Amino acid sequence: MKNRFLLALATAAMLVAGSAGAKAASLVAKVDVSTQTMTVSKHGQVIHKWRVSTARAGYVTPRGAWRPTRLHKMWYSRKYDMSPMPYAVFYHGGYAIHGTGAVKRLGTPASHGCVRLDTANAAKFYSLVKQVGPGNTRIIVSN
C-alpha cells in the first residue's frame, strides 16, 4: 500500500514538473543586443526574427531573463514626455518590448532602454503573449 502511494505521488510530481516545463517553453523571445535582433520561438520552433532597437549610448537595456508582468495595447511613457508605446509587453519594471514609429532606427541602438519593434511586429508579439499567457512566456535579453 505504501509503495503504491509513493509511486502515485512520484508520478504526479513528474507530471506536474513536466507540464510546468512545457508551459515555460511555450513562447520565448530572445533579444540579442549585439545584433539588435529579437528571435521569437513557439514550442521550440523559430517563428519570427525581427530587427529591434535597444538602449542607445547613456542608457541601458538590462540583461537577464523574465516573464511579462503586464500588457497594454497602448501605453504612454510618463518618464519620457508621454511617448507612445503601442503593444507594450512589460517585463522588468518600466522596461518593455513595444512598437515604435522610428522604424528607420531599427537595427541600431536608439531607445532609452526598452526593446523597440516595428509596430506591426509588436502587435504580433503582443497577440502571441496574450494567446499563450505571460506565465508561459519567457523574455531573454543577452549580448
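Throughout, read-outs are computed from the coordinates displayed, never taken from laboratory work. All values derive from a computational prediction rather than experimental measurement. No Cβ is skipped: glycine too gets one built from the backbone with ideal geometry, and neighbour counts run over all protein chains shown.
Using Cα centres only, tell me the gap between segment 112-130 and segment 38-93 in whole Å.
Taking the Cα centre of each part, segment 112-130 and segment 38-93 sit 6 Å apart.
What does the charge count around residue 110 come to, taking other residues whose C-beta lies under 14 Å from its C-beta (Lys +1, Arg +1, Asp -1, Glu -1)?
Net of charged neighbours comes to +4.
Among the listed pairs 49/79; 73/104; 79/130; 30/124, give every one whose C-alpha distance is greater than 18 Å.
49/79; 73/104; 79/130
What trypsin sites (Lys or Arg not before Pro) does segment 64-103 have in DSSP loop regions with at most 16 other beta carbons within 10 Å?
Taking segment 64-103 and a limit of 16 other Cβ atoms within 10 Å, the loop trypsin sites (Lys or Arg not before Pro) found are 78, 79.
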